[in-house]
Structure formats: structure tokens, C-alpha cells
Amino acid sequence: MRTRQELEFLREQAVTPRREGKSLRQIKQILGPMSNVTLNDALRGVPPLDWTRRPNAKDELRAKARELRGEGMDYEEIAAALGVAKGSVSLWVRDLPRPARLS
């Protein structure tokens with residue numbers, strides 16, 4: 001296990017290449033062998049680079065489902081309109097208030 005001073009030194013060594021645009025794998029190649037946990041601890045608080053982020057595959061469907069729920073559609077109608085499972089719709093819109101029922 002590394003001491004606090006070693007971790008602070010490692011942080012200084014790891015933050016610079018991260019801000020230069022290096023990935024975690026590239027930083028490990030530069031600094032030498034270490035565990036992923038150690039490197040993640042050293043980079044805690046440093047935001048990931050934009051090019052390393054993965055988009056959520058269904059962000060557009062989620063936004064559309066929320067829009068349709070706001071228009072008063074129920075889960076089954078939204079699922080049919082978007083071609084997704086009713087359970088997915090439930091997860092995506094569960095924080096929205098229930099639409100008023102028409103009588």
C-alpha cells in the first residue's frame with residue numbers, strides 16, 4: 001500500500017498527462033505498472049476527457065418518452081409508439097407526475 005506522500009506525488013505525475021489529453025491506459029504506460037484503483041484514486045476530482053465518455057444509446061428515445069408522457073400518454077402507448085419495452089418506459093418517466101385521467 002502506498003503512503004500518503006507517495007499518492008500525492010503520483011497524483012502530480014498523473015494529472016499532467018490527463019490534462020494533456022491522455023487516456024488512463026496511456027498514463028499507466030507512462031508511469032509504469034499500477035492498479036486501476038491506485039490510478040483512479042490519484043485522478044479523483046479530475047474530470048474525464050470528452051472523447052473518453054460514452055453516450056447513452058437511448059438518450060433520444062428517453063427524451064421522446066418523457067415528452068409523450070407529458071402529453072398524457074400511458075406507458076403502453078409510449079412503448080408501442082417508440083418500439084421499446086414498457087419496463088424501459090417506466091424507468092425513464094417514473095419521476096414525472098401522472099397525467100390526469102379523462103373521464
Every listed condition ((1) surrounded by 14 or more Cβ atoms within 10 Å (Cβ to Cβ); (2) among the aliphatic types (A, V, I, L, M); (3) without any contact (Cβ under 8 Å) to a residue 12 or more places away in the chain) holds for Leu39 save (3)
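Please note which helices (runs of 4 or more DSSP H) are completely contained in the stretch 52-100 and include at least 1 residues that are modelled with pLDDT under 90 and closer than 30 Å to Gly21 by Cβ. It would help to see each step written out before you state the result.
Working: elements: 59-70, 75-82, 86-93.
Because the criterion is at least 1 residues that are modelled with pLDDT under 90 and closer than 30 Å to Gly21 by Cβ, the helices (runs of 4 or more DSSP H) in the stretch 52-100 that meet it are 59-70.
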Within the stretch 52-81, residues of a type in the set (A, V, I, L, M, F, W, C) and under 19 Å from the mean Cα position of the chain (by Cα) come out as Ala57, Leu61, Ala63
Considering the stretch 15-35, residues that are in contact (Cβ under 8 Å) with a residue 12 or more places away in the chain and under 22 Å from the mean Cα position of the chain (by Cα), and then whichever is farthest from Thr52 (Cα to Cα), we arrive at Val15
The residue from Ile78, Ile27 that alone is more than 30 Å from Pro99 (Cα to Cα) and surrounded by 15 or more Cβ atoms within 10 Å (Cβ to Cβ) is Ile27
How many residues of the stretch 39-67 are in contact with a helix residue (DSSP H, G or I) (Cβ under 7 Å, 6 or more places away or on another chain) and not small (Gly, Ala, Ser)? The answer is 8
Gln5 vs (1) out of contact with any helix residue (DSSP H, G or I) (no Cβ under 7 Å at 6 or more places or on another chain); (2) modelled with pLDDT of 90 or more: all pass except (2)
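The values are calculated or read from the model by the stated rules, or taken from the named source; none is laboratory data. A quick note: this is a predicted structure, and the numbers were derived from the prediction, not measured. Note that each Cβ is placed from the backbone with ideal geometry, even for glycine, and that neighbours are counted across all protein chains shown.
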